[in-house]
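Take a look at the structure set out below.
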Amino acid sequence: MASDRRIKYTKMVLRESLITLLRDKPISRITIKELCEHADINRATFYTHYADQFDLLKKIEEEFITDITSYLDNFVLEEDDTGLTQMILKMIEYIEKNKELCRVLLGPNVDTDFQSEIMQIVRERIILEWRKKRAVDEETADYIYTYAATGSIGVIRKWLFDENTKSAKEMAVFVTRLVNKGLEAFIG
């Protein structure tokens, strides 16, 4: 039991150290030595748990994706709601609750593949809602979603990095209106 706590502590400290270092420089410029010094963990302990700094980052990203997916799966759409505003609101609330981690994971020092994975989290849910509302083929729905998700992530990133004055709900309504008005011909 004591060793489980030590392992959890070690992983937590390494995770926090990597997140702190990623605020200032890209993952490719962070060394294992620097990471271990920051975490006050020796290199052998680090290598017991991770192959390298990229592996640690991948684990952090996977944990984030599992957590946000679970968070989104635990809410129920209201009967008359298209779900888009609710889905965006849930994502923005999650991002707001995990602001520091999201600033790092959606920031310039991390690979953009992670952002693509985030886009896929809600893809099937949103496309299903759009297809219910109006007959649109799968290929067109996919293009529409890519357009909407890329723009939405850009707007949410701006909100996340600005000293925002809008609440999560205000941002969800804003993003939904922006997406729907731009796509009105396809889903309106």
| Is it true that some residue in segment 119-130 is part of a loop (DSSP other than H, G, I, E, B) and within 30 Å of F161 (Cα to Cα)? | no
Exception for K181 within (1) at pLDDT 80 or above; (2) part of a helix (DSSP H, G or I) falls at (1)
Scanning segment 74-92 for residues that are surrounded by 18 or more Cβ atoms within 10 Å (Cβ to Cβ) and modelled with pLDDT under 70, the one farthest from the chain's Cα centre (by Cα) turns out to be G83
Selection from segment 93-105 of residues in contact with a Leu (Cβ under 9 Å, 6 or more places away or on another chain) and either modelled with pLDDT under 85 or farther than 21 Å from S17 by Cβ (or both) yields Y94, I95, E96
Those residues of segment 1-24 which are open to solvent by less than 40 Å² (accessible area, probe 1.4 Å) and either within 22 Å of the chain's Cα centre (by Cα) or small (G, A, S) (or both) amount to V13, L14, S17, L18, I19, L21, L22
Note on segment 25-53: residues β-branched (V, I, T), surrounded by 14 or more Cβ atoms within 10 Å (Cβ to Cβ) and farther than 25 Å from T112 by Cα are I41, T45
From the option list K158, K133, K166, K181, single residue qualifying as in contact (Cβ under 8 Å) with a residue 40 or more places away in the chain, among the charged types (D, E, K, R) and open to solvent by 80 Å² or more (accessible area, probe 1.4 Å) is K133
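Residue by residue, here is whether (1) of a type outside the set (A, V, I, L, M, F, W, C); (2) farther than 19 Å from F64 by Cα; (3) at pLDDT 75 or above; (4) in a helix (DSSP H, G or I) holds:
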{"position": "Q115", "(1), (2), (3), (4)": "yes, no, yes, yes"}
{"position": "K132", "(1), (2), (3), (4)": "yes, yes, no, yes"}
{"position": "D142", "(1), (2), (3), (4)": "yes, yes, yes, yes"}
{"position": "Y147", "(1), (2), (3), (4)": "yes, yes, yes, yes"}
{"position": "E163", "(1), (2), (3), (4)": "yes, yes, yes, no"}
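The values are calculated or read from the model by the stated rules, or taken from the named source; none is laboratory data. Owing to the predicted nature of the structure, the values given are computational and were not obtained by experimental measurement. Every residue, glycine as well, gets a Cβ built from its backbone with ideal geometry; the counts of neighbours run over all protein chains shown. Each accessible area value is taken on the protein alone, full model and side chains, heavy atoms only, with ligands, DNA and RNA left out. Shrake-Rupley method; radii C 1.70, N 1.55, O 1.52, S 1.80 Å.
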